[in-house]
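A.B. asks: Have a look at this one before I ask anything.
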Amino acid sequence: MSDIAYDWLTLGAAAVLFAILSFLKRKKNAGFTTRVLLATAFGVVLGIACKGHTGYVGAVGSIWSSVITALVVPLLVFSIISSITNLGESIRLKNIGVKTVFFLLLNTTTASLLTLLLAQAFQLGRGFHYTLPGDYTPHDVPAVLDTIVNLFPRNLADNWVNNQVVPIVLFAILTALAYNAAASTDKGRSAVAPFKTFIDAGNVVFSKATQIVVGYTPYAVLALIAEAVSGSDAATLLPLVLALAVAYIAIALQLFLVQPLVLATVTRLNPIRFFKAFFPAGVVAFTSESSIGTIPVTVRQLRSAGVPGDIASFVAGLGANLGMPGCAGVWPMLLAVFAVHAQGLNYSPAQYLFLVVLTLLVSIGTVGVPGTATITATSLFAAAGLPIPFIAISQPISQIVDMGRTALNVAGAANTAVIVAQTEHQLDADLYYGRKEYSDELDVDGYDAGPAPTPTTAPAVPPRLPNAVLLASGGDACCGIRPGK
């Protein structure tokens with residue numbers, strides 16, 4: 001049999017496996033994780049059985065990588081502008097909003113730094129051999145000063161064409177701030193209302209488009225795993241097991257060391273009491289793998305710990321969409337260092353630290369996006385010039401890490417809520433330290449029926465987060481939607 005005929009036969013076998021995955025989704029309601037893990041097994045078997053003849057199959061994975069990359073820029077623009085403008089409408093008193101955003105992003109930054117240190121210590125990615133698509137051109141590692149200058153937008157069309165996402169993020173932030181300034185009066189708000197409607201609609205549309213593309217992840221995983229296995233031996237895949245271990249080490253250290261340290265330093269509260277109150281929400285997050293779906297439990301547990309209902313609802317809702325240390329801190333940095341080492345790139349310490357800055361910026365740009373872990377990693381790779389196919393290769397362990405990522409995300413939001421409440425002098429210390437019992441009967445319309453809010457308290461209205469509504473209605477996972485679940 002000729003090589004071309006063997007290639008077509010391999011593609012036919014892959015088509016049969018694709019059909020099986022589709023059947024399991026449509027007829028058997030197989031979950032996303034189940035299908036990804038099964039796709040991994042199929043890819044390994046196909047790669048071994050058809051070694052050296054998976055070029056056509058690998059093209060399927062390359063197409064998926066290209067399409068999901070194409071979505072990054074419009075998704076960033078609409079998501080950032082929508083989220084910041086909604087924040088301006090929802091929170092009248094800026095101090096609570098600013099504190100919330102600051103500590104959520106601080107959480108992401110520390111998680112990213114911690115992961116960088118661990119990945120370097122374990123030399124994650126060394127020895128991993130993966131043949132990139134033939135049309136992939138590696139990017140030179142730019143000097144730090146040049147990169148800083150290029151962060152700022154100059155030609156948005158050129159930035160879009162070259163996948164330079166950070167200038168677009170900064171431009172979107174500027175646009176959102178300009179909208180908030182223009183909408184500060186009734187007359188101005190009326191004048192810019194059509195713009196707001198357009199942005200919110202675009203956010204919904206591109207979030208849905210991303211959900212659709214992420215839904216094809218199992219097929220891309222099968223194709224890319226088959227190509228990876230076909231071009232290497234089993235020993236070269238072992239670094240993925242190490243990546244899984246490093247991910248959970250980073251999650252555990254961030255959850256049980258860094259976050260409690262920040263809480264104790266800023267508020268002088270006992271972090272052990274926080275974990276006692278948070279535990280039920282943590283269990284739900286870990287088992288459901290859904291940050292959005294855990295919000296009601298998180299809010300209830302925060303109220304039981306003495307956090308006012310308005311702060312609990314706002315921070316829990318925003319924290320499920322912004323500053324996610326698991327999906328936007330640990331995971332993209334882990335994959336970035338893995339890719340740098342696997343390619344043998346010589347990054348300087350300053351360039352590694354700049355990856356942390358990029359991680360923070362792109363995490364702002366993926367607020368409320370379905371499949372945030374994948375999209376944030378894609379945005380970081382695009383900004384840093386790293387090969388995006390590495391992200392799909394990591395999907396098998398991504399599903400295993402998802403439980404820990406979600407628990408860390410929810411814990412970070414809850415931790416921030418306690419910090420904000422305490423620094424605003426709104427935390428009920430008796431409830432926090434268990435000196436009095438919490439009762440759901442204290443709630444009226446979902447909020448604590450305590451003293452009337454003072455001028456330093458945010459209004460008892462949860463933030464309007466259209467992405468949260470979108471995700472909650474569609475079946476979400478980790479930081480966004482788990483397609484088909």
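A.B. asks: Got at least one residue in the range 220-229 being modelled with pLDDT under 80, buried (at least 17 other Cβ atoms within 10 Å of the Cβ) and either out of contact with any strand residue (DSSP E or B) (no Cβ under 6 Å at 6 or more places or on another chain) or under 17 Å from His53 (Cα atoms) (or both)?
C.D. replies: Taking the range 220-229 and keeping what is modelled with pLDDT under 80, we get 228-229.
So of that shortlist, the ones also buried (at least 17 other Cβ atoms within 10 Å of the Cβ) come out as 228-229.
Adding the requirement that they be either out of contact with any strand residue (DSSP E or B) (no Cβ under 6 Å at 6 or more places or on another chain) or under 17 Å from His53 (Cα atoms) (or both) leaves 228-229.
There is at least one residue in the range 220-229 that is modelled with pLDDT under 80, buried (at least 17 other Cβ atoms within 10 Å of the Cβ) and either out of contact with any strand residue (DSSP E or B) (no Cβ under 6 Å at 6 or more places or on another chain) or under 17 Å from His53 (Cα atoms) (or both).
A.B. asks: Only one of Ala264, Ala252, Ala245, Ala281 is part of a helix (DSSP H, G or I) and crowded, with 22+ Cβ neighbours inside 10 Å. Can you tell me which?
C.D. replies: Values: Ala264 fails: crowded, with 22+ Cβ neighbours inside 10 Å; Ala252 fails: crowded, with 22+ Cβ neighbours inside 10 Å; Ala245 fails: crowded, with 22+ Cβ neighbours inside 10 Å.
Only one candidate qualifies: Ala281.
A.B. asks: Let me ask something else about it. Here are some residues: Leu105, Leu76, Leu132. Which one is at pLDDT below 85 and in contact with a Gly (Cβ under 7 Å, 6 or more places away or on another chain)? Quick ask: steps written out before the conclusion?
C.D. replies: Details: Leu105 fails: at pLDDT below 85; Leu132 fails: in contact with a Gly (Cβ under 7 Å, 6 or more places away or on another chain).
Matching residue, one of Leu105, Leu76, Leu132: Leu76.
A.B. asks: For Leu322, work out the one condition from (1) under 30 Å from Thr34 (Cα atoms); (2) out of contact with any helix residue (DSSP H, G or I) (no Cβ under 6 Å at 6 or more places or on another chain) it doesn't fulfil.
C.D. replies: (2)
A.B. asks: Turning to a different aspect of this structure: Taking Leu427, is it among the hydrophobic types (A, V, I, L, M, F, W, C), assigned to a loop (DSSP other than H, G, I, E, B) and surrounded by 19 or more Cβ atoms within 10 Å (Cβ to Cβ)?
C.D. replies: Values: among the hydrophobic types (A, V, I, L, M, F, W, C): yes; assigned to a loop (DSSP other than H, G, I, E, B): yes; surrounded by 19 or more Cβ atoms within 10 Å (Cβ to Cβ): yes.
When the stated conditions are applied, Leu427 passes them.
A.B. asks: Can you list the helices (runs of 4 or more DSSP H) found entirely within the range 137-194 that contain at least 3 residues being modelled with pLDDT under 65?
C.D. replies: Numbers: elements: 144-150, 156-161, 165-182.
Correct list: 144-150.
A.B. asks: Kindly provide the set of residues from the range 284-300 that are of a type in the set (S, T, N, Q) and either crowded, with 24+ Cβ neighbours inside 10 Å or without any contact (Cβ under 8 Å) to a residue 60 or more places away in the chain (or both), ordered by number.
C.D. replies: Ser290, Ser291, Thr294, Thr298
A.B. asks: Listed residues Val36, Val45; which is surrounded by 13 or more Cβ atoms within 10 Å (Cβ to Cβ), out of contact with any helix residue (DSSP H, G or I) (no Cβ under 8 Å at 6 or more places or on another chain) and part of a helix (DSSP H, G or I)? Before you say what the answer is, go through the steps one by one.
C.D. replies: Details: Val36 fails: out of contact with any helix residue (DSSP H, G or I) (no Cβ under 8 Å at 6 or more places or on another chain).
Just a single option satisfies the conditions, and that option is Val45.
A.B. asks: Let me ask another. Would you pick out the residues in the range 257-288 that are closer than 14 Å to Ala413 by Cα and not aliphatic (A, V, I, L, M)?
C.D. replies: Gln259, Pro260, Phe274, Phe275, Phe278, Phe279, Gly282
A.B. asks: Here's a follow-up. Could you grab me the full set of residues in the range 33-64 that are among the basic types (Lys, Arg) and within 18 Å of Trp8 (Cβ to Cβ)?
C.D. replies: Here is the first cut: in the range 33-64, the residues among the basic types (Lys, Arg) are 35, 51.
Correct list: Lys51 only.
A.B. asks: Is it true that some residue in the range 334-345 is at pLDDT 85 or above, surrounded by fewer than 24 Cβ atoms within 10 Å (Cβ to Cβ) and touching a helix residue (DSSP H, G or I) at 6+ places or on another chain (Cβ under 6 Å)?
C.D. replies: Checked against the condition, which is being at pLDDT 85 or above, surrounded by fewer than 24 Cβ atoms within 10 Å (Cβ to Cβ) and touching a helix residue (DSSP H, G or I) at 6+ places or on another chain (Cβ under 6 Å), the range 334-345 yields no hits at all.
A.B. asks: Continuing with the same structure: Conditions first: (1) assigned to a loop (DSSP other than H, G, I, E, B); (2) touching a Ser or Thr at 6+ places or on another chain (Cβ under 8 Å); (3) of a type in the set (S, T, N, Q). Asn29 passes all but one, so which condition is the exception?
C.D. replies: (2)
A.B. asks: Another question, then. Do we have Gly306 as at pLDDT 90 or above and closer than 27 Å to Phe279 by Cα here?
C.D. replies: Details: at pLDDT 90 or above: yes; closer than 27 Å to Phe279 by Cα: yes.
When the stated conditions are applied, Gly306 passes them.
A.B. asks: In addition: Only residues that are in a loop (DSSP other than H, G, I, E, B) and either under 18 Å from Pro396 (Cβ atoms) or within 8 Å of the chain's Cα centre (by Cα) (or both): list them for the range 322-340, please. Show your work before the answer.
C.D. replies: In the first step, residues of the range 322-340 are kept if they are in a loop (DSSP other than H, G, I, E, B); the result is 322-324.
Correct list: Met324 only.
The values are calculated or read from the model by the stated rules, or taken from the named source; none is laboratory data. From a predicted model like this one, the values you see are computed outputs, not experimental measurements. Here the Cβ is made from the backbone with ideal geometry for all residues, glycine too, and neighbour counts use every protein chain on show.
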